[in-house]
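Notes to accompany the following structure.
The values are calculated or read from the model by the stated rules, or taken from the named source; none is laboratory data. Quantities reported herein were computed from a predicted structural model and do not represent experimental measurements. Here the Cβ positions follow ideal geometry from the backbone for every residue, glycine too, while neighbour counts run over all protein chains shown.
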Amino acid sequence: MLEPPIQPFATGMLRRDDGAEIYWEASGSPDGRPALFLHGGPGSGLGSGGYRRRFDPARHLIIGLDQRGCGRSRPLVTESPAVLQSNTTQTLVADVEAVRAHLGIARWLVSGVSWGTTLALAYAQEHPERVTELVLAAVTTTSRGEVDWITEGVGQIFPEAWHRFERAAYRGPGERIVEAYARRLAGSDAAERRRDWNAWEAAHVSFDGSVTPGRWAGDEGAAAVFATLVTHYWANDGFLKGDRAILSRMDRIAEIPAALIHGRRDVSGPAVTPCRLHRLWPASRLTIVEGEGHGGPEMLALARRACDGFAA
């Protein structure tokens, strides 16, 4: 069961050295145990704030932020190519750490969903001394293999939708589908390619019925930000190549307690990813939810229970 909806008791914009402004909000108990939530995407934003219901407001000081370039942070990534090129996992990690320092928080629980789990892992590996625990649902590491699966391999399950998706990419010789979309979303036919990209996402991510497709209906601006950032990050393997890859740095967080929660029916991100993480992470516990995919009510309830358990 989730908590009733609540509103933030404080919000703000943190200006960074390059001029970017990061939106943050605080809710729950000002004296509670600090807990950070990192949204998915990249580029989904905090939305209407439903994430706050995953924490006991009497126990937690709940912090959320709109990642650089999306949501209420400014400038939006769609406003200029220069803004897009400065948007990397490393700048997001630096933004998160800047928000922590700005709010005067010494250490916090870090939670995330989908892409937010990749960012949570990257942040913890860079700043392990600042993380008390991790709670990760719909676990990803945004590796080349994961990106190639979600853009090409999973087409074996959805061949009709994938054929339309691949044909609309107009990729060049030797070009990955995601690279073609990233290039075109920065060009003159961005609106048409954005619709093609989001149609493909709706086809595979809603496989088990837990996630509702068409979430950007009626908000072309948010749809543009989402598609632009997703393709930008995925075309660059999450900016986590080589010695920056999540799996190659697990020794840095091996002793941080963690709850990994994943859906068996997640065809977009198969359970092999959290299983690999779990084998490399002695302090983690893994729960596979048999009846859900890339999210769902049981997974959210388990994440809430894990956060509360760490705060007990």
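Kindly check whether there is at least one residue in segment 114-125 that is more than 24 Å from residue 297 (Cβ to Cβ) and surrounded by fewer than 22 Cβ atoms within 10 Å (Cβ to Cβ). Yes - at least one qualifying residue is present in segment 114-125.
If you filter segment 46-56 down to residues that are touching a residue at least 40 places away in the same chain (Cβ under 8 Å) and over 17 Å from residue 294 (Cα atoms), you find that the one that is farthest from the chain's Cα centre (by Cα) is 56.
Yes or no, residue by residue, for (1) assigned by TED's automatic domain parsing to the domain that holds residue 234; (2) farther than 22 Å from residue 308 by Cα; (3) assigned to a loop (DSSP other than H, G, I, E, B); (4) modelled with pLDDT under 95:
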position: 57; (1), (2), (3), (4): no, no, yes, no
position: 99; (1), (2), (3), (4): no, yes, no, no
position: 120; (1), (2), (3), (4): no, no, no, no
position: 125; (1), (2), (3), (4): no, yes, no, no
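The single condition from (1) assigned to a loop (DSSP other than H, G, I, E, B); (2) among the polar types (S, T, N, Q); (3) at pLDDT 95 or above that residue 188 fails is (3).
For segment 22-74, the set of residues classified as surrounded by fewer than 19 Cβ atoms within 10 Å (Cβ to Cβ) and in contact with a His (Cβ under 9 Å, 6 or more places away or on another chain) consists of 29, 32, 47, listed by residue number. Within segment 16-53, the set of residues being over 15 Å from residue 93 (Cβ atoms) and of a type in the set (Lys, Arg) comprises 33, 52, 53.
In the set 27, 44, 48, only one residue is in a loop (DSSP other than H, G, I, E, B) and in contact with a helix residue (DSSP H, G or I) (Cβ under 8 Å, 6 or more places away or on another chain); that residue is 44.
Among the residues making up segment 127-164, those that are aliphatic (A, V, I, L, M) and either outside the structural domain of residue 203 (by TED's automatic domain parsing) or closer than 24 Å to residue 89 by Cα (or both) are 131, 134, 135, 136, 137, 138, 139, 147, 150. Scanning segment 279-301 for residues being surrounded by 18 or more Cβ atoms within 10 Å (Cβ to Cβ) and outside any strand (DSSP E or B) gives a total of 6. Note on segment 1-21: among residues that are of a type in the set (A, V, I, L, M) and assigned to a strand (DSSP E or B), the one that is surrounded by the fewest Cβ atoms within 10 Å (Cβ to Cβ) is 10.
Put simply, of 295, 221 the only residue that is outside the structural domain of residue 150 (by TED's automatic domain parsing) and either under 30 Å from residue 33 (Cα atoms) or in contact (Cβ under 8 Å) with a residue 60 or more places away in the chain (or both) is 295.
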